[in-house]
1. Is it the case that the range 39-57 has a residue that's modelled with pLDDT under 75, within 30 Å of residue 216 (Cβ to Cβ) and within 18 Å of the chain's Cα centre (by Cα)?
2. Identify all residues within the range 272-288 that are modelled with pLDDT of 75 or more, exposed (fewer than 13 other Cβ atoms within 10 Å of the Cβ) and either touching a helix residue (DSSP H, G or I) at 6+ places or on another chain (Cβ under 6 Å) or part of a helix (DSSP H, G or I) (or both); write none if there are none.
3. Looking at the range 116-135, I want the residues that are loosely packed, with under 15 Cβ neighbours inside 10 Å and have a partner that is assigned to a loop (DSSP other than H, G, I, E, B) and at pLDDT 85 or above with Cβ atoms under 7 Å, at least 6 apart or on another chain. Which pairs are those?
4. Please tell me if residue 183 is free of Cβ contacts under 8 Å to residues at least 24 places away in the same chain and more than 25 Å from residue 99 (Cα to Cα).
């Protein structure tokens, strides 16, 4: 059962009472990226204005995310086919290339059906048919990409018990348990000349960014994030190479890393109060 507004219910009841009534429908897809950017597309031939957003027509096409009603807590996994032209871009990067760069990692996708009385009018109402999170990117071609989307029930698959005992801190750096604000430990920079897919020349590099991350905001790698493996005073080395070598001047933000030890938590971040490691557990009990 899906909830609907009173106006939409009245429209549907009126249409059911009249055999010649016509209701127009448009599927609207909302992509909410982990950066906070919201992308909106529709399968209709004209743009649709819904919930304060304009859903673009004749742009990215999405096929999938069917409505499913079932009893139980099984995670609904659906295959989604995304088609895009070279002119469909995110931050100047072709849509499919941005997907390859990881732009959809951790993104939420929602399919909503809007009901209209005419293509030039505002929708009378809408119903959410599916909402979930990107699981995996299975295949990327020249014009299409296939991804797997999991329903929000996937959040129930978190391993239990919640509290684990380990010498190293079990928090993820900058998560709610860690308590540190990520932006406070980030620094803006630009790629220097001679940078490669795996080594980014940067004058602001320092040991503080070891095991940290880098997120590009311009250039061919916009939206791409990578883990920093090693650093020198003039460059950072990535754990896995980027799809494209950054051009000189490509902008990024580098975030400091953590080795999850008590010493680093104390001396580097002054965050011992939130340290969730147990370095003084006797060795004989660590394997329990």
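1. no
2. Those that are modelled with pLDDT of 75 or more, exposed (fewer than 13 other Cβ atoms within 10 Å of the Cβ) and either touching a helix residue (DSSP H, G or I) at 6+ places or on another chain (Cβ under 6 Å) or part of a helix (DSSP H, G or I) (or both): 272, 273, 279.
3. 119/46
4. no
To keep it simple, each residue is scored yes or no on (1) free of Cβ contacts under 8 Å to residues at least 40 places away in the same chain; (2) touching a helix residue (DSSP H, G or I) at 6+ places or on another chain (Cβ under 7 Å); (3) in the same structural domain as residue 90 (by TED's automatic domain parsing).
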position: 211; (1), (2), (3): no, no, no
position: 215; (1), (2), (3): no, no, no
position: 232; (1), (2), (3): yes, no, no
position: 243; (1), (2), (3): no, yes, no
position: 246; (1), (2), (3): no, no, no
position: 250; (1), (2), (3): no, no, no
position: 253; (1), (2), (3): no, no, no
position: 257; (1), (2), (3): no, yes, no
position: 266; (1), (2), (3): yes, yes, no
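Yes or no, residue by residue, for (1) in contact with a helix residue (DSSP H, G or I) (Cβ under 8 Å, 6 or more places away or on another chain); (2) modelled with pLDDT of 90 or more; (3) not assigned by TED's automatic domain parsing to the domain that holds residue 78:
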{"site": "116", "(1), (2), (3)": "no, no, no"}
{"site": "122", "(1), (2), (3)": "no, no, no"}
{"site": "128", "(1), (2), (3)": "no, no, no"}
{"site": "133", "(1), (2), (3)": "yes, no, no"}
{"site": "137", "(1), (2), (3)": "yes, no, no"}
{"site": "148", "(1), (2), (3)": "no, no, no"}
{"site": "151", "(1), (2), (3)": "no, no, no"}
{"site": "162", "(1), (2), (3)": "no, no, yes"}
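The values are calculated or read from the model by the stated rules, or taken from the named source; none is laboratory data. Computed from a predicted model, the values in this text were never measured in an experiment. Virtual Cβ from ideal backbone geometry, glycine too; neighbours counted across all protein chains shown.
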